[in-house]
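Structure record follows, encoded as structure tokens.
The values are calculated or read from the model by the stated rules, or taken from the named source; none is laboratory data. Keep in mind that what you see is a predicted model, and the values were worked out from it rather than measured. With ideal geometry, Cβ positions are generated from the backbone for all residues, glycine too; neighbour counts draw on all protein chains shown.
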Amino acid sequence: MLRWQSLWTAVLSGLILIAPLTGPAPAEDDAVFSGPQVGEKLPGFKAQGVFGDLDGKQFDPVSDAGGKPVVVFFVHARTRPAFALTNKLMAFAATRQADGLRPAIVFLPEDATETSQWLKQIQTYFPKGVPVGISVDGQEGPGAYGLNRNVTLTVLVGKESQVTANFALVQPSLQADGVKIAEQIVKVLGGGKVPTLEELDGDAARPAGRPQMDDPMAERLLRAVIRPDATPEEVGQAAERLQEHLSKNERAKAAVTRIARNLVESGRVKNLGTPAAREWIEKWAK
């Protein structure tokens with residue numbers, strides 16, 4: 001059964017971001033490096049906060065941790081797999097903050113203003129309590145880090161200002177990299193349960209009470225409606241196809257209505273898709 005969480009994740013990882021990078025993955029012999037390596041110093045650096053109390057303020061994920069375990073995701077490129085991996089791992093990291101973990105997501109954009117605006121449009125999709133920022137050093141990132149612009153994600157795990165794990169990912173994948181990174185997070189914390197892939201990607205993080213969607217066609221068409229890069233014409237075509245489909249499937253119609261009402265009543269609709277898409281969502285909520 002396709003649940004609301006899977007649709008919500010699709011909104012995050014499959015629609016809001018640009019298409020994934022293509023091309024063959026580097027051969028095992030062609031090791032890719034980005035950032036300080038295991039055993040090396042993890043220097044402090046500055047990022048500009050985007051959400052909440054950190055909005056418009058600079059913070060330092062490493063120095064602010066005060067020697068406690070940290071995990072930092074440097075996002076070099078906005079791709080679907082990168083966001084899926086980042087979102088799932090940071091959702092897990094958020095559950096270990098009580099154990100001392102200090103997580104952070106730092107974007108390395110060419111256009112900081114555009115990225116800040118984009119992030120605020122999708123603010124509700126990030127795990128709560130995880131600082132999100134934009135590197136004040138632009139695409140290159142902190143000068144002392146030696147980050148590789150040819151990778152999609154650089155994930156650093158550390159403690160006491162020293163790197164304990166480094167992942168330089170050209171083609172990040174939750175399936176290939178999720179558990180490996182989670183293992184290093186658990187290790188730097190001194191132990192605990194390492195989540196399985198199913199737990200990282202499953203329904204464990206789904207808040208109770210969210211609507212369910214068990215109609216693949218309706219889910220696919222709803223995704224098409226709320227694509228943030230869709231033109232008004234594309235939104236209209238997808239919405240009309242969805243309405244036609246719902247007219248023949250009362251169960252799917254009820255599910256879409258519940259989803260639309262949830263978005264409207266929670267206020268999340270204002271950050272979803274395009275103005276044309278939001279009009280349709282508000283219409284279906286009624």
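One table, with the values for the structure above:
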item	result
Cβ pairs under 9 Å, 6+ apart, first in the range 72-101 and in the same structural domain as Val188 (by TED's automatic domain parsing) and in a helix (DSSP H, G or I), second modelled with pLDDT of 95 or more and of a type in the set (Asp, Glu)	Leu85/Asp177; Leu89/Asp177
Residues satisfying the stated conditions in the range 233-250, i.e. surrounded by fewer than 13 Cβ atoms within 10 Å (Cβ to Cβ) and either part of a helix (DSSP H, G or I) or touching a strand residue (DSSP E or B) at 6+ places or on another chain (Cβ under 7 Å) (or both)	Glu233, Glu244, Glu250
The listed residue being among the aliphatic types (A, V, I, L, M) and either at pLDDT below 90 or over 30 Å from Trp280 (Cα atoms) (or both), out of Val235, Val188	Val188
Given (1) closer than 19 Å to Gly56 by Cα; (2) basic (Lys, Arg); (3) surrounded by 19 or more Cβ atoms within 10 Å (Cβ to Cβ), index of the condition Arg102 fails	(1)
Out of Val151, Val130, sole residue that is touching a residue at least 12 places away in the same chain (Cβ under 8 Å), in a loop (DSSP other than H, G, I, E, B) and under 17 Å from Asp99 (Cβ atoms)	Val130
Hey, Gly158 in the same structural domain as Phe74 (by TED's automatic domain parsing) and not in a helix (DSSP H, G or I) or not	yes
Candidates Asp64, Asp53 - the one that is outside any strand (DSSP E or B), within 27 Å of Pro195 (Cβ to Cβ) and assigned by TED's automatic domain parsing to the domain that holds Pro195	Asp64
Which numbered condition Pro172 misses (of (1) in a loop (DSSP other than H, G, I, E, B); (2) surrounded by fewer than 20 Cβ atoms within 10 Å (Cβ to Cβ))	(2)
Within the range 252-268, considering residues that are aliphatic (A, V, I, L, M) and closer than 22 Å to Pro216 by Cβ, the one surrounded by the most Cβ atoms within 10 Å (Cβ to Cβ)	Val256
